[in-house]
Amino acid sequence: MDLVKAKTKLPIGIQTFEKLREGGYLYVDKTRYLIDLIDRGSVYFLSRPRRFGKSLTISTFDAIFSGKRELFEGLYASEFFDRPEYKPHPVIRLDMSNLTTDMGLDALRSSILDQIRENSDRFGINLETALPGDALYNLLYRAAQKYGATVAILVDEYDKPILDSIQDIEKAEAVRDILRNFYVRIKAADRHLCFVFITGISKFSKVGVFSAMNNLIDISMNDRYAAMLGYTEEELLNCFDAHIGDTATGMGKSNESLNAEIREHYDGFSFDGKTRLYNPFSVLNFFNEMKFKNYWFESGTPSVLVKYVKRHDLEAENFRGLEVSEDFTSVAEIELASPESFLFQSGYLSVRERKGNNLILDYPNNEVLSSVSNLFLYGKYEIAGISAARNNLEAALGSGQPEELIKIYNSLLANLPYDIYEREERKYIAMQEKKDSFTPPPYAESFYHALLFTLLWSSRVNTMAENHSYWGRSDIEAEKSGHRYVVELKVAEGKEAAKKAAAEAMKQIREKGYADKYATEGATLIAIAVDKEKRRVAEHLIE
């Protein structure tokens, strides 16, 4: 693949291809994928997370079909304009993320109509109908007639109006019905079209764009276009080489160590289980600020995810290494979307690998894992304002100070609202009753494990749960900056019972050889006993 570095200016927040090229900003050449799509077919859908380059792709298609060949000098697509059969086409662009969705259904219809009229005004075409679907069809028909050429229609974020209402299923379905009646008119105008490209985050097959347009090709998980958006490792090293050198010097690191940290923070997105991609938004902002921060996650509004986590009673560790069928994102109805489908299509989960006809999911990188874990602490357990504590824990474990883990974990337990404990206790009692047991169960260790996992992940500490050894499975194994920790956690009742539990936990770590794999590097052993009555760590041992 030809890699083109236009200039060194970083295109922070620029989603317009023309502005990017005319301004001399750095551009990673993805145009070979676009030309390939044009050559192979004419009606496509692509799903990608927010801020992953969908709008820039739409803008690039616009420039190709509009005949702006001067913008493609030095790029793969430049030769496309020299083909004898090439000619410009009228382009209709619809950005559904700009629609009004919070003022009722009539306002939504009016907002759709406004976008169509913006396109018709650009072509000098007067539309008389007030119905969005009719207006779209008339525009496509009349634009093709006026210019003597078929039309390219580009729809960005087709599902945004639905996702805006996802917490209210009844409203979301009403919005879906409006969009269905609108999108089906694209199919009806097929003879007037040369190319259709639609982007979004999710795929709801009963939204008319999928149910009516049976020739729509979904390339979202197609190997051929896996690297069409996002940066590959090769692209990062070649196109950002000057930025890597400057940033490494500014941060006092070698290029190699900096690249490893960038990979850990921002790499790992995959849509086919083979190609790994860096998040373009985070990479650009990192080189601009020269600081490791959670740029992509913090750029969105996680309120929907917070509500989703609470409503579905999710745990962060449930999705690590989760095996699903390869068609797990294909959902007919909004309300049937599984949590893993929602999290994957939103960009919070990625395909780690393929396993036959199934996929193994995981969080893509440390940025997403730490951010999602922090959000779980807030969304599910209603714990807020612990960013300083998480930073302290990261620094402490990175410098070999395990006592800080006990202090911060106890602080988290103390800040947990009382009704959360009661809720979890009721949940486990209900689970036990389903097993026809008449004895209320002891308070489950899994709750305290989940809290500790989530705390470590949110603190950007590399953590594995239930890692196998030759004698069993450890509760937690963690690593930060070369310091390794093996943790065993137990729940007891009362101070004396906690002392025995901690001793038993340390004995278990030793006898089952949980730390033997670290014989060369060394590891710190941590035994924790939580008093279920006091709801805090009552005893711990560190070796």
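The values are calculated or read from the model by the stated rules, or taken from the named source; none is laboratory data. Because the structure is predicted, anything quoted here is derived from the model rather than measured. Positions of Cβ are backbone-derived with ideal geometry, glycine not excepted, and every protein chain shown enters the neighbour counts. Surface areas here come from the heavy atoms of the whole protein model, side chains and all, with no ligands, DNA or RNA. Shrake-Rupley method; radii C 1.70, N 1.55, O 1.52, S 1.80 Å.
I'm checking my understanding of the structure. Among residues of segment 355-403 that are under 29 Å from Lys274 (Cβ atoms), within 20 Å of the chain's Cα centre (by Cα) and among the polar types (S, T, N, Q), which one is most open to solvent (accessible area, probe 1.4 Å)? Top of the filtered list is Asn358.
Being buried (at least 19 other Cβ atoms within 10 Å of the Cβ), closer than 30 Å to Asn238 by Cα, among the small types (Gly, Ala, Ser) and at pLDDT 90 or above: is that true of Ser282 here? Yes. Checked against (1) open to solvent by 40 Å² or more (accessible area, probe 1.4 Å); (2) closer than 26 Å to Asn119 by Cβ; (3) of a type outside the set (S, T, N, Q), Asp246 passes all but a single condition, namely (2). On the stretch given as segment 30-43, residues that are surrounded by 21 or more Cβ atoms within 10 Å (Cβ to Cβ) and among the charged types (D, E, K, R) total 1. Please enumerate the residues belonging to segment 44-69 that are open to solvent by 10 Å² or more (accessible area, probe 1.4 Å) and of a type in the set (Val, Ile, Thr). If the condition is that a residue be open to solvent by 10 Å² or more (accessible area, probe 1.4 Å) and of a type in the set (Val, Ile, Thr), then Thr57 is the only one that fits. Listed here are the helices (runs of 4 or more DSSP H) enclosed by segment 80-197 that have at least 1 residues being free of Cβ contacts under 8 Å to residues at least 24 places away in the same chain and surrounded by fewer than 17 Cβ atoms within 10 Å (Cβ to Cβ): 105-123, 132-147, 169-188.
When segment 64-79 is filtered for residues that are in a helix (DSSP H, G or I) and within 20 Å of Leu154 (Cα to Cα), the ones remaining, listed by number, are Ile64, Phe65, Arg69, Leu71, Phe72, Ala77.
Residues in segment 461-473 that are surrounded by 22 or more Cβ atoms within 10 Å (Cβ to Cβ) and either modelled with pLDDT of 90 or more or part of a loop (DSSP other than H, G, I, E, B) (or both): Val461 only.
For Pro49, the criteria (1) within 19 Å of His192 (Cα to Cα); (2) part of a loop (DSSP other than H, G, I, E, B) hold in every case but one, which is (1).
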